[in-house]
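Just below is one structure, and these are the notes that go with it.
Just so it is clear, none of the values below were taken in a lab; they were calculated from the coordinates. Remember, predicted model here, so these are calculated numbers, not experimental data. Quick reminder, even Gly has a Cβ in these numbers, built from the backbone with ideal geometry, and neighbours come from all protein chains shown.
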Amino acid sequence: MVEPLDPSREHTPQRLRGAAVSVRDVEEWFVREVLPLETTLTHFLRRNWRKKNEIPDLRQEVYARVYEAALTEIPGNIKPFVLATARNLLINQMRRDRVVSIEAVADLEKVDVSAPEVPQDRALIAREELRRLQDALTKLPRRCRQAVTLRKLEGLSRREIAVRMGVSDNTVRRHLIDGMRILAEKLHGDEAKPERAQ
Amino acid sequence: MSRTLQLASARSVEEIAADWLERRETGTWSEEDQCNLDSWLSQAYAHKVAYLRLKSAWDRADRLVVLRPQTGNAESRLRRIPPVALRVAAAILLLIAGTTAIRESAVSRVYTTGLGGHQNIMLADGTRIELNTNTVLREKYTDKSRVITLERGEAYFAVRHDEARPFIVKVGEHSVTDIGTKFFVRRDTDRLSVGVTEGRVELGTARDSRGSQVLLDAGKFALVTHAKITIFTKAPDVLADDLAWRAGMLVFNHTPLAEAAAEFNRYNREKLIIADPRAAGLSIGGTFRQTDVRQFARVARALLGVHIKDKPAEQIISLSAGN
């Protein structure tokens, strides 16, 4: 019997390096190590790419490539790896785009992506977490926030929320989906403000 | 994946991922839904990363539960309180939450784990619940009763007994009522299993109008199918094997290969398929890590002489009988 509850069983970074990487390891690694770099990644893309409306698509593509690479081998130095992936993607996109000058590509090739990641203070992050969550919650549109609150704080189903708010099931679904997307943007993207200085 | 020409639209992929995530929290989520989700996730890495990204943020928002008011409308309270006061209150609540996890109140709350997930919950009354893989559980505590609805999956309960407030686990038309105890409940599509490790529970069903109950003492294991309830007596160590998932393990003892494969498939996206009916009936024993599908396949090959066919892209390991 395993009577004592052991929350530490979730942390197994040592297992990650090595030849055989399981999908679940990669998923956990991606959430734990890559997503916290979102602010850095987004800033890198914004600084180096003019068409701002393409930033979310580029970011998603970088994530997909990083994830795919990790299935073969989980990279050791994560931040330089993510930024190098981003840079290569931008270079490829630029080369495809005939109007961009060769100089712009050359500039990008000179961008230094080798800065190692700053070790994060996990205790600080834990303290910050609730504040960040609340900030994110206040950024949601009013009806959307109401739906998210009813789901998260009261555990209500879509139907129950619809009844409570006096709207259709589908409207609730819409609000929850919007809520998820905005929360992800705020929670992954708006954190770690000191990183922005780089 | 159209990697070289056109980027996938992050917005449209996120919309679909969020829709899956939202639907997954509903009680009607079926195995077919899970298959469809798995198939969508395996179509493109963009799908997978968008889903992981939204899910991790959405799961983190679970911590907002510490803001839950005792009664009334959470939303209106959130808006009324000035942000600074809210932050101070939240900080205090977070400290409290660190020790007691979740405050008591009369509203319901949903706990979920995904494929391969495992979560420990400490309720305000001191009751502990451990969720196994792919589980949805709804908590509804009132002054008069404590009701847990197991919508899907499996959980282990260590209940703080309270004469005045019975602790009841509902599974479809069945209910398991605590009489001072530790027990587990597992819901599969076609059956319900209840095992009691300490104390005693009452297993009831509302199938017929008068209802019927049966008492299960420590060491008893009940298997409930649509047709009947079968009660076994299991030695403590055998019953403990049923709970090996709490330590991330799976224990088999003369278990048919098909059954063992089905157990692994509960935890992993990488699926074991028994390609050959002759292999399905071979029995296997041993203790395995839930996530180590490959190790299991290797052991099956060594012990039973089955052949392994590995399709990494589809995440399928298929086993077939030897010559």
With 5 Å bins from 0: P(r) over the stretch B:199-263, alpha-carbon pairs, percent: 4, 13, 19, 20, 19, 13, 8, 3, 0
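Once you average over the residues of B:128-140, how many Cβ atoms of partner chains fall within 10 Å of each Cβ?
Shielding by partners across B:128-140 averages 1.
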Does the stretch B:269-320 come out rounded, prolate or oblate, given a ≥ b ≥ c as the square roots of the eigenvalues of its C-alpha gyration tensor, rounded meaning a/c under 1.5 and, failing that, prolate meaning a/b above b/c? oblate
Considering only Cα-Cα distances, which of the following residue pairs are longer than 28 Å: A:Lys52/A:Lys186; B:Lys144/B:Lys228; B:Lys48/B:Lys311; B:Lys170/B:Lys311; B:Lys48/B:Lys182? B:Lys144/B:Lys228; B:Lys170/B:Lys311; B:Lys48/B:Lys182
Here the residues of the stretch B:30-48 lying in the modelled label zone of B:Ser12, meaning backbone nitrogen under 14 Å from a point 7 Å along Cα-to-Cβ, are B:47
The residues B:Leu319, A:Leu89, sorted from fewest to most surrounding Cβ atoms within 10 Å, come out as A:Leu89, B:Leu319
Expressed as a whole number of Å, what is the distance separating the alpha-carbon centroids of the stretch B:132-186 and the stretch B:260-300? 30 Å
How charged is the neighbourhood of B:Leu150? Take every other residue with its Cβ under 10 Å from the Cβ of B:Leu150, and add Lys/Arg as +1 and Asp/Glu as -1. +3
Quickly work out the B:Leu223-to-B:Glu202 label distance, labels modelled 7 Å from Cα along the C-beta direction, and quote it in nm with one decimal. 2.7 nm
Work out, step by step, the length gained on full extension between B:Asp237 and B:Ala280: first 0.36 nm times the residue separation, then minus their alpha carbon distance; give nm to one decimal. 12.9 nm
With Kirkwood's inverse mean 1/r over C-alpha pairs for Rh, give me the Rg to Rh ratio of the stretch B:173-323, two decimals please. 1.05
Gyration tensor verdict on the stretch B:229-300 (Cα atoms; rounded if a/c is under 1.5, prolate if a/b is larger than b/c, oblate otherwise): oblate
Under a crude label model (7 Å from the Cα following the beta-carbon direction), how far is B:Leu304 from B:His161 in nanometres? 4.2 nm
Sorted from fewest to most neighbouring beta carbons within 10 Å, what does the list A:Ser22, B:Ser30, B:Ser42 look like? B:Ser30, B:Ser42, A:Ser22
Spacing of the two label points (7 Å from each Cα toward its C-beta) at B:Gln295 and B:Ser145, in nm: 4.3 nm
